[in-house]
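Notes follow once the structure below has been shown.
No lab work stands behind these numbers, since they all come straight from the coordinates. As the structure is a prediction and not an experimental result, all values here were calculated from the model. Ideal geometry is used to build each Cβ from the backbone, glycine not excepted, and the neighbour counts take in all protein chains shown.
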Amino acid sequence: MDIALARTWVQAIAAAVDAQKDQLTQLDSAIGDADHGANMQRGFVAATAALAEQEPAGPGDVLVKTGSTLISSVGGASGPLYGSVFRAIGKTLAGAGAGSEPAADARRFADALSAGLESLQRLGAAAVGDKTMVDAYVPALEAFQQAAEGAGDGGKAGDFAAAARAAAEAAEEGMRATTPLQARKGRASYLGTRSVGHQDPGATSTALIFRALADVTAA
Ligand code: ADP
Ligand code: MG
Ligand code: MG
């Protein structure tokens with residue numbers, strides 16, 4: 001991942017959020033407070049605006065800036081959670097793709113995604129099965145890692161695209177698997193058993209984020 005790809009990724013997330021904000025809001029109206037679409041849109045509109053004014057040294061800078069902007073612009077739980085994920089991914093990529101340094105390959109990006117998960121769980125304390133964004137993130141990370149490991153020296157662009165595609169598919173599967181679960185974290189957990197039978201909004205936006213990565217790396 002280089003600067004251009006990092007920017008394109010964030011722009012693709014913003015576009016996907018814009019297209020799917022009504023669905024995100026509908027899901028959040030069933031088991032939350034009906035603001036997930038608006039929260040995601042506010043955050044990613046602010047992030048793309050912040051990036052337009054930035055002269056990043058590398059893709060890490062792009063993603064740290066994205067994370068900081070999400071934290072400062074989104075009031076809901078998803079702002080600080082996704083903000084910390086993007087900041088951690090960006091910090092882990094520091095140096096890659098800057099100046100004469102090579103862009104981050106699939107293995108390096110897998111490490112960055114792993115740091116993102118650590119940060120997400122440090123802040124939100126959710127585990128797989130709690131019906132949150134973690135349910136989409138963990139399988140996506142595992143699929144990405146597996147593909148990156150299998151990719152030999154991992155340096156080729158095609159390897160990155162294959163890893164991103166595998167991650168997107170795993171995230172979508174994880175997202176669908178939240179439907180029968182009872183929420184144990186966040187607002188949906190206040191509903192107790194009434195949260196069963198609804199797909200989690202945050203797992204849905206996490207799947208969207210990984211699908212956007214697959215789309216921009218395939219292009
Ligand atoms: P809010 O709940 O503050 O209105 P959003 O609607 O933007 O925030 O985001 C809700 C989503 O955040 C949930 O669907 C869930 O996936 C995710 N979420 C909530 N709490 C946690 C947590 N502790 N850890 C991980 N994800 C969480
Ligand atoms: Mg909400
Ligand atoms: Mg809210």
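Test of understanding: what is the full-extension gain from GLU53 to ASP111, defined as 0.36 nm times their sequence separation minus their Cα-Cα distance?
Values: separation 58, 0.36 × 58 = 20.88 nm, distance 2.79 nm.
Extra length available between GLU53 and ASP111 comes to 18.1 nm.
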Checklist line | Between the stretch 110-131 and the stretch 9-63, the Cα center-to-center distance that results, in Å | finding: 19 Å
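Find the Rg to Rh ratio for the stretch 8-85, where Rh is the Kirkwood radius over alpha-carbon pairs and Rg uses the same atoms.
My calculation of the ratio gives 1.00.
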Notebook entry, point to check: To the nearest 0.05, how large is the calculated FRET efficiency for ARG176 and GLN146 if R₀ is 22 Å and r is the Cβ-Cβ distance?
Noted result: 0.65
Note to self: Let me spell out the model: positive unit charges on the Cβ of Lys and Arg, negative unit charges on the Cβ of Asp and Glu, origin at the Cα centre of the stretch 3-218. What dipole size does that give, in debye rounded to 20?
What the structure shows: 420 debye
Notebook entry, point to check: At a Förster radius of 35 Å, what calculated FRET efficiency corresponds to the Cβ-Cβ distance of TYR190 and ASP18, to the nearest 0.05?
Noted result: 0.75
Item checked: Dimensions (Å) - the chain, Cα atoms, principal axes, largest first -> 54, 38, 30
Notebook entry, point to check: Where does the Debye-calculated log10 I(q)/I(0) of the stretch 43-140 sit at q = 0.10, 0.15, 0.20, 0.25 Å⁻¹, using only Cα point scatterers of equal weight, no solvent?
Noted result: -0.27, -0.59, -0.97, -1.25
Margin query: Which one, ILE89, ALA214, ALA34, projects farthest toward the positive side of the charge dipole computed for the stretch 3-218 from Cβ point charges (K/R +1, D/E -1)?
Written below: ALA34
Checklist line | the chain: most fluctuating residue of ARG122, ARG108, ARG176 per GNM, C-alpha cutoff 10 Å | finding: ARG122
Note to self: If you fit an axis through the alpha-carbon atoms of helix 78-92 and take the longest principal axis of the Cα set of the chain, what angle between them do you get, 0 to 90°, nearest 10?
What the structure shows: 20 degrees
Notebook entry, point to check: When the helices in the chain are scored as -39500 (n - 2.57) per DSSP H run of 4 or longer and the sum is shared across all residues, what 222 nm value do you end up with, to the nearest 500 deg cm²/dmol?
Noted result: -23000 deg cm²/dmol
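What net charge do the residues around ASP22 carry, taking every other residue with its C-beta under 13 Å from that of ASP22, with Lys and Arg at +1 and Asp and Glu at -1? Intermediate results must be reported in sequence, preceding the final value.
Numbers: positive: LYS21; negative: ASP18, ASP28, ASP35.
Neighbour charge sum, excluding ASP22 itself: -2.
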